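S.K.: A single structure is presented below for examination.
The values are calculated or read from the model by the stated rules, or taken from the named source; none is laboratory data. Bear in mind that the values here come from a model prediction, so they are computed numbers and not experimental data. Heads up, the Cβs are rebuilt from the backbone with ideal geometry, glycines too, and the neighbour counts pull from every protein chain shown. Protein only, heavy atoms only, side chains kept; ligands, DNA and RNA dropped before computing areas. Shrake-Rupley method; radii C 1.70, N 1.55, O 1.52, S 1.80 Å.
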Amino acid sequence: MKRRGFILLGLSCGAGGLAYFALGSRKAAAGPLHIDSTNFAVGGRDVVAYFHLPQSASSAKGVAGSRRFTTFWKGGHFAFASAENRDLFQANPTKYAPQFDGHCAWAAGQGYKAPASPDVWTIVDGKLYLNYSNDVRRRWEKGMSSQITAANTNWVKLGLEPGATGDAEDYAPKSAPIP
C-alpha cells in the first residue's frame, strides 16, 4: 500500500510539473496577434503564399486570402488563397506565421509593439517579418541581424502585453479577405 501511494504521488507530481512547464512556456511565448481593421491577422493575406514569392518581390503586396479558406490560431483568424495553403499552415503554424505575432519587427527590436503592414515584409532564414512602413523597413534592414536579436530578446516581455491596434502607415486595408 505504501509503495502504491508513493507511485501515485510521484505520478501526480510529474504530471503537475509537466502541466506547469507546458502552460508556463506557452504563456511566455504567446501574445495577442496584431489584428488590423480587416479583423484578420496579417490583413487577410495568405501567410503561406509569402514563402512562394521570390525574395526580390518583398516590395510586392501579399496574396489576398479567401473567406472560404480560414483557420483560427493564437487568438486570430487567418485567411488563405487555397485549401492547400490553409492545410500547410494548420500542420505547422509557427513555420508560416509572422514573427512577433504580426507586429512590426523594427518596433519589437526597439522595445515596443506597433502595427505592421502585411504589404511590407521580408523573409529571413525562413521566417516572415513585417514592418510598419517601407521607411521603417529600410531602417530595420540596415542592422537586420542585430534588430532580430534585440526583438527576440524584447519579445519575452512584449509578447505578454496587449497587441498594438490600428493600421500601419503603408497599408490601405480593404474588406479582406476576398469572398
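S.K.: Go through 170, 36, 125 and list them by solvent-accessible area, largest first, probe radius 1.4 Å.
M.R.: 125, 170, 36
S.K.: Binning at 10 Å from 0, report for the stretch 114-179 what percent of all alpha-carbon pair distances ends up in each bin.
M.R.: P(r) over the stretch 114-179, rounded to whole percents: 19, 47, 30, 5, 0.
S.K.: Using label points projected 7 Å from each Cα along Cα→Cβ, tell me how many nm separate residue 70 and residue 39, to one decimal.
M.R.: Using points 7 Å along Cα→Cβ, the separation is 0.7 nm.
S.K.: While we're here: 5 Å is the cut-off here: which amide hydrogens, built 1.01 Å from N in the peptide plane, fall below it relative to residue 73, excluding neighbours closer than 5 in sequence?
M.R.: Counting only residues 5 or more places away or on other chains, the set is 78.
S.K.: Next up: Please give the solvent-accessible surface of residue 63 in Å², to the nearest 10, using a probe radius of 1.4 Å with every protein chain present.
M.R.: 50
S.K.: Obtain the nm distance between the two label points defined at residue 90 and residue 123 by a simple spin-label model: each point lies 7 Å from its Cα along the Cα-to-C-beta direction.
M.R.: 2.2
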